Every structure is written in structure tokens, then in C-alpha cells.
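First up is the structure itself, then whatever we jot down about it.
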Amino acid sequence: MDDKALEQIRQWFMEYLASFEMEAGEDRGNIELKRIHTIHVEDNAGLIALKEGMGDNDVLLARLSGLLHDVGRFPQYERYRTFNDGTSVNHGELGEQVVREAGVLEGLPALPDLPDLPDQEREAVLACVRYHNAYSMPDIEDAMALRLLRVVRDADKLDIWRVMAEYFESPPEVRSPAVVNHLEDRPTYSRKMLHDLALSRQCRLGDAGVMNDIKFMILSWAYTVNFSSTCRLMLERGLVERIAITLPRHAGIEDAISSLISHIRGQAEGSGTNL
Ligand SMILES: [Fe+2]
């Protein structure tokens, strides 16, 4: 894997994306949101791999996995007009299918100079696409696939926190409902989800009933982060604070957030993987 191969695959991605050109308005905005998210996740993945001391090839493969991780979002949105996997399709599995069918990692006909990736690297990147959105780490044995998947899952969460912080900070009239799975912005929340967050557990999307519950869910991901570098980046970017400040004022919520921030600070002071 080298920079040139990554650039060629990036070119393929941009052309693939152009096939989902939408009319102006909400649909175009939703596709654009995922395009920008993809760029950030690629950068985050490269940064985390670098900060964790991974070799040049791993850094490039992490970037490639970040670039391709959400490729299934585009056909998902085109077909179902939603990003909710539960009511449409698993976008990780769909993304793997897209990459396999297009032969992106096996020398595209349109890219004759692109060398085939070695089998292990190709399967590791495909595992990242397939499993980046799984509730927990899958039971896979290949060390390279595990390493890259941990990086991509962290890189993805890091950017989702950015996307959501910007979303909650923006005026309601410019927010696209698809971003929060069409959940209403009401001043209530799920007691179960707050309870899970307070117990340092990962919240489940299925328990979410209003927009505030999405905040609990994404904040709870901080308990599943794989690398101390990711925690340092979260703190540097002030992401938890930006999301937490939009939650209702309630002592139980404030306690859960304080514990969460203490946890992130503790992990940020460590080194390497905290698994
Ligand atoms: Fe993503």
C-alpha cells in the first residue's frame, strides 16, 4: 500500500459518490454530511494510527479503512432515505458488499496501475467496513484486522461526536431529522439510558425515544474507546462538554457526565490500547 494507491481509491470513492447526486435540499445535505464525515474519519484514523506508533503501512491502511468505512451509507440513503440501520439495512454489511462488487481492493478495471492488495490487507480493510458499526468488537482473529478495526471504530466515534456537537448547537430549523433518526427534540429523556450511562455501560439505540437519548448513547461510547490517543483527541476538541451542555439540567445527568469526563481523563493519561 502506498500514497498513490490510496489516492486512486479516493478518486474511485469520489466518482462513486457523484453517482448519488441529489436534488438541492435536505437529501443533498444528508449526503454532504456523510461525505465530509468520511474525510474526517480518514484523517482521524491516520492520526490515531500514527499517534499509537503504528508503521507506515498500517497508517495508510487505517486511512483507507476510514475512507471506505461508510460507503454503504450512500446506497442506504438513496434506497431508504434514512440512516437508521434498524429500519433499513446494516450499512456496514452493505458497504462491504459495495467494495467487493466494485473490486476496489483488487485492481479496478478503471485503475489499471492499482496493484492488488495482499489478501490479509484486503480482508482487514473489508472487516473494518463490515464491522465498524457493530455494537461491540466482533470475534475475529487476524491481528491486523483487529488493530485496524479498533482504529476505525475510534476514528468514526470521534467524528460522530463532532457532527452531533455541531448538530445540537445549530438552530432547530436547519437540522435534518435523519441525523437523529427522526427522534423528537423534547425536554425529556430515557431513565434507562441515563441509568446505563451512570453505570459506565454502553447505551443501546433501541432504548432511545427522544433526541436527548441520542446524546446519552453517543456519550456512552466513551466507555468503549480503544486507544488513549482517541481520549486525548476527545479532550483537546472539547467534544464531550459541547454535547453535555445541551442536555437538560438534572443532578443525575451532571453526575453521570462528571464520571464520564473523569474516565476519559484517566484513559487519556495512559498509553496505547486500554483494552
Ligand atoms: Fe462513520
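The values are calculated or read from the model by the stated rules, or taken from the named source; none is laboratory data. Predicted, not measured: the structure shown is a model, and the values here were computed from it. Calculation scope for accessible area: heavy atoms of the full protein, side chains included, ligands and nucleic acids excluded. Shrake-Rupley method; radii C 1.70, N 1.55, O 1.52, S 1.80 Å.
Remarks
- Cα-Cα over 20 Å, subset of Lys157/Lys192; Lys157/Lys215; Lys4/Lys51; Lys34/Lys157: Lys157/Lys192; Lys4/Lys51
- Between helix 26-51 and the chain: long-axis angle, C-alpha atoms, 0 to 90°, nearest 10: 80 degrees
- The chain, accessible area per residue, ligands and nucleic acids excluded (1.4 Å, Å²): 45 Å²
- On Cα atoms only, tilt of 211-220 relative to the major axis of the chain in degrees: 70 degrees
- For region 42-95 and region 148-223, distance of Cα centres in Å: 18 Å
- Separation of alpha-carbon centers, region 254-271 and region 22-41, rounded to whole Å: 32 Å
- Ligands, DNA and RNA left out, the accessible area of the chain computed with a 1.4 Å probe is 49% carbon and sulfur.
- Tensor-based shape of the chain (alpha-carbon gyration tensor, a/c under 1.5 rounded, otherwise prolate or oblate): oblate
- Helix 56-68 axis, angle to the chain major axis (alpha carbon atoms, nearest 10°): 70 degrees
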